[in-house]
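Structure first, commentary second.
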Amino acid sequence: MSVPGNNIIIIPDRFRDPYIFENVLSLQSRIFSEKAVLDLSRIAFMEPYSMLSFLLMGRDYMRSNGEKLKLINVPVHIQQYLTRMDFFESGVFNMPEVLKDNMMFKRNASSSRLLEITMIPNKERQGVDVISSVIALFRKRASIILKYWMNDSVTDYFVTVISELCQNIFEHSLDTGYMAMQTYRSGNENIARLVISDSGIGILKSFSSRDDLEFTGGAELIEMALTTPISSKREFGYGLCQVNSIVEKLKGVVFIRSGESSLTALYDRKDQNSKYIFHRNGLVQFNGTQISISLSA
Amino acid sequence: MIIDVAKIAKEVKVKLPDLITRPVGRMMYAATAGKLSIIGAGETVILDFNSVKVIDSSFIDEYIVKLILDSREKDFYLKLRNISPISEINIDSVFNSYSNYKETRIAVAREEMGKNNRFYIGPLAEQESDIMDYLRLNMNAGIEDISRFSGIDFNVLKILLDELSILRVIRRNNGEFSPV
C-alpha cells in the first residue's frame, strides 16, 4: 500500500498537443489519491494547451488536497519556459529546485511571440478590465505573434476571438480561468495557439436547464454550442458561433474539451472534402472547459 | 443627430480602439439612450464608429440590437457610419443569427458601402437589396417607379416595401419611399 505524499509519478512526455495530453489527464485520479510528487524529467516540450491544463490540474489538486502539487526534476529549459509564461505565479505548485535568476529568459521584444498566462476572474467587472488589458497587450504584440499569418484583418479577428472566449469564463463557467497565447515551431510548421481554459462547471452542466436541446453526448452538445447561437443564460449566445466562423475563415483548428467530451474542428481540411469535425465522448473527467484555437503555416 | 461613439466611450471611461463585452455595451447603451431622449419623431440617428476597430457580438447585442429595437418603438431611424470590416462581419453574423432563430429580422442602414457591396447590414433578400440600391441612387421614388425599374410584381413589391419600412432601412413618406 502506498503512503500518500511519498509516491513519485514520472510524468510522460505528452505535452505536445491537446490529444496526447489525454495521457497526462488519465493520471490525474492517481496523482490526487496518492498525493503523488510529479517527476517532470521526461518532458522535452510543452505547448500552451497542455501547460494551461496542467496548471488547472495543479489548482484542482490544491483545492481538493489543501496543499501544493510538488514538482521535481523539472528540466532547465522547461522551467525557463514555464517561468517565462508566468506559470508559477498562480502559486499552486511546490518546486524545491528553482533556477537562479541569471538562468531565466530575458523579457525583451524579441521574446514577445506570446501572451503570458493571465487569470480571467469570474466576476464580470474585474473580468472586463482584464480582457481589456489582455487585448491591449495582444494588439502591441500581434505583429510578432501572428507574423506568419499577418494581413489587415487577422489581428482584429483575434481580438474578437479573445474577447468572446474570455467572456464565457465569467458568464458561464462560475470559476476563474486562464488564457495564454504563443507562436512556436513544431517540425516544419509554425503554430500560433490561443488557449482559454477554466475548471468551472463545464458546457454540459451549463446547459442543464435547457430541456429543449436534444443531443446524444457531450461532444454533440459542444458542436451545437459552436455552430448554433444557443445560450444557457439568454435567448441567444453568439460568442462561440462567432469564434467558429472566424476560425473557419482563417482555416484554423478549434479544439474544445469539456468534462468527458471533446470536439475538434479542422477547418484547414474542410476544402479537401474529407471529414473535418471529430467528436470524442467517454474521456477521463476533467473539470471545466478548455479551448485551443490554432493556426499553422 | 450624430452620435460620436468614440466620444461616448470616453465619457463612460472605456478605452478604444475596441468596444467589447456585454457590460461595456450596456454602459454605452445607457449613455447613448440618454442622448436620444431629445430626438424628434422620424429623425435619423447616425452612429459614427470612427476610431473604433472591433465591436464584438456581445457588444453588438447590448448596443446596436437594442438601439434598433428602440428605433422601432420610438420612431427614429438608425444609420451606421465608419464601420470597420471586422465589425461589419460581426454585426452581420449577429443579425443573421437573430433573424434565423427569432423569426423576425433585423437590419440597419449604413452610410458607406460595405464589404458586401451594400449600404446596409443584415439578412435582406436579393430583391430587397435591389430596391435599396434603387432608392440610394434615386433618393425618392413611388411604388410605380420602383416596379418599373425592378420588374417586381406590384403586389410583391408592396409587401417588400412594407417589410423594408418595418425594418426601418427605408423611409415611407406620403406614398413615396426614400433611403435612410
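The values are calculated or read from the model by the stated rules, or taken from the named source; none is laboratory data. Computed from a predicted structure; not experimentally measured. Cβ coordinates were reconstructed from backbone atoms using ideal geometry, including for glycine residues, and neighbour counts include every protein chain displayed. The protein model used for the area step is the full one, side chains on, heavy atoms only, and it has no ligands, DNA or RNA in it. Shrake-Rupley method; radii C 1.70, N 1.55, O 1.52, S 1.80 Å.
At a glance:
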read-out: Hits in the range B:40-57 (condition: closer than 20 Å to B:E111 by Cβ, open to solvent by less than 30 Å² (accessible area, probe 1.4 Å) and in contact with a helix residue (DSSP H, G or I) (Cβ under 9 Å, 6 or more places away or on another chain)); value: B:V45, B:L47, B:D48, B:F49, B:V52, B:V54, B:I55
read-out: For A:S33: the one exception among (1) out of contact with any helix residue (DSSP H, G or I) (no Cβ under 7 Å at 6 or more places or on another chain); (2) assigned to a loop (DSSP other than H, G, I, E, B); value: (2)
read-out: Filter pass, B:G34 being on the phi < 0 side of the Ramachandran plot and among the small types (G, A, S); value: yes
read-out: Residue pairs meeting the criteria (Cβ under 7 Å; at least 6 apart or on separate chains; first within 14 Å of chain B (Cβ to nearest Cβ), in the range A:235-262; second of a type in the set (F, W, Y) and assigned to a strand (DSSP E or B)); value: none
read-out: Selected residue (criterion: nearest to B:S87 (Cα to Cα)) from residues of the range B:4-25 that are charged (D, E, K, R) and at the interface with chain A (Cβ under 10 Å from one of its Cβ atoms); value: B:D18
read-out: Yes/no for A:D212 being under 30 Å from B:K66 (Cβ atoms) and within 14 Å of another protein chain (Cβ to nearest Cβ); value: yes
read-out: Only one of A:A225, A:A180 that is more than 10 Å from chain B (Cβ to nearest Cβ), of a type in the set (G, A, S), touching a strand residue (DSSP E or B) at 6+ places or on another chain (Cβ under 9 Å) and over 22 Å from B:V65 (Cβ atoms); value: A:A180
read-out: Residue within the range A:119-134 that is free of Cβ contacts under 8 Å to residues at least 40 places away in the same chain, surrounded by 22 or more Cβ atoms within 10 Å (Cβ to Cβ), within 14 Å of chain B (Cβ to nearest Cβ) and within 26 Å of A:M57 (Cβ to Cβ) present; value: yes
read-out: Long-range neighbours under 9 Å by Cβ, at least six apart or interchain, first residue under 16 Å from B:N173 (Cα atoms) within the range B:123-135, second among the aromatic types (F, W, Y) and in a loop (DSSP other than H, G, I, E, B); value: B:M132/B:F119
read-out: Filter result (open to solvent by 30 Å² or more (accessible area, probe 1.4 Å) and not acidic (D, E)) within the range A:13-26; value: A:R14, A:R16, A:Y19, A:I20, A:N23, A:S26
read-out: Qualifying residue in the range B:78-85 (condition: open to solvent by less than 10 Å² (accessible area, probe 1.4 Å), away from chain A (no Cβ under 13 Å) and within 22 Å of B:R172 (Cα to Cα)); value: yes
